[in-house]
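Since the structure comes first, as structure tokens, the remarks are kept for the end.
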Amino acid sequence: MSAIASQPSSASLRDRVSAAEWQTRVDLAAAYRLVAHYGWDDLIFTHISARVPGGDHHFLINPYGQLFTEISASSLVKVDLDGKIIDETPFFINPAGFTIHSAIHAAREDVECVLHLHTIPGVAVSCQAGGLLPINQTAMLLNGQIAHHEYEGVALLLDERPRLVADLGQKSAMLLWNHGTLTVGPSIPDAFLEMYFFERACATQIAVLAGGTPLHWPADSVQAVVQQQAKVGTGQVARLAWDGLLRMLDRNDPSYKF
């Protein structure tokens, strides 16, 4: 499909979709704006998706060509697991994004949201043989949750999907070797908070290693303690953080809700 010369506008879909789908669209658009707010975006590349409520196995993903600061609830594109765009739209989608997100949405019914980034700290850690090191509290919150997937080139080939899904298993985070980070969650707030921890842990690791001094490792006995603590009330914490983030977006620029 040829590129769009200039980005068309999108009329509001609020009255054309269910209330549940509209809420998912608003939350997903907020996630894109928040990724941009934290400086995690990569021009028009990387992607976040969310499952559309209902039994049709459709999901929403960004319109390819829009900056994350431009994405709104109405501009998100709805596709099925075969890549067919469901509703009329002037936009199209990133083929690599479809490969990654369709694989996970097809295999993990428990996952509502998939978030994939190419930040400098995340990519840097993905290039280190040891991956993410459990050397600080934020990293230890992800103990037992990080899967790994070998780099196979730009994710344009659909035959990569079974290997990606097998590597992810039932975990909630994945380090894509030489590529970046990925998180999944039963809600958009859960996937976002998981990525916040993941990216913060990666940035901390790069800063620590750049210091060039010997590392102080937490005791082995505490690693399992923090892993267990991370499982308690995660959804409630994610919701608390998410509500605060939405208040910030609403103060600064509520256009994501359009």
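All of the numbers you see were taken from the coordinates with simple rules; none came from a lab. Remember, it's a predicted structure, so these values are computed and weren't measured experimentally. Don't worry about glycine lacking a Cβ; one is built from the backbone with ideal geometry, like all the others, and counts go over all protein chains shown.
Brief remarks follow.
- When the chain is treated as a Gaussian network with alpha carbon springs shorter than 10 Å, the biggest mean-square fluctuation among Gly244, Gly180, Gly169 belongs to Gly244.
- Helix 220-230 and the long axis of the chain differ in direction by around 30°, with both axes built from C-alpha atoms.
- Overall form of the stretch 28-133: oblate. Here a/c, set by the Cα gyration tensor axes a ≥ b ≥ c, is 1.5 or more, and a/b is not larger than b/c.
- Placing R0 at 30 angstrom, the Cβ-Cβ distance between Thr213 and Asp42 gives a FRET efficiency of 0.45 after rounding to 0.05.
- From its DSSP helices (H runs of at least four residues, each -39,500 (n - 2.57)), the chain gives a residue-normalised ellipticity at 222 nm of -13000 deg cm²/dmol.
- Shape call, the stretch 95-238: gyration tensor on alpha carbons, a/c limit 1.5: oblate
- Arg16-Asp167 pseudo-label distance in nm [points 7 Å out on the Cα-to-Cβ vector]: 3.8
- GluC sites (Glu not before Pro) within the stretch 61-122, DSSP loop, no more than 15 other Cβ atoms inside 10 Å: Glu88, Glu109
- Per-pair calculated FRET efficiency, R0 = 22 Å: Arg251 and Ile120 via Cβ, rounded to 0.05: 0.20
- Max mean-square fluctuation residue, GNM over the chain, Cα-Cα springs under 10 Å, options Asn136, Asn178, Asn62: Asn136
- The distance between label points at Glu109 and Gln229 comes to 3.6 nm (points 7 Å beyond Cα on the Cα→Cβ vector).
- Stretchable slack from His148 to Gln236, in nm (0.36 nm times residue separation minus alpha-carbon distance): 29.0 nm
- Sequence-distant lysines (8 or more away, or on other chains) whose Cα lies within less than 18 Å of Lys257: Lys78
- Potential lengthening between Val222 and Cys127 on full extension [0.36 nm per residue; Cα-Cα distance subtracted]: 31.5 nm
- To the nearest ten degrees, helix 188-211 and the longest principal axis of the Cα atoms of the chain are 40 degrees apart.
- Acute angle (nearest 10 degrees) that the helix 234-252 long axis makes with the longest principal axis of the chain, alpha-carbon atoms: 60
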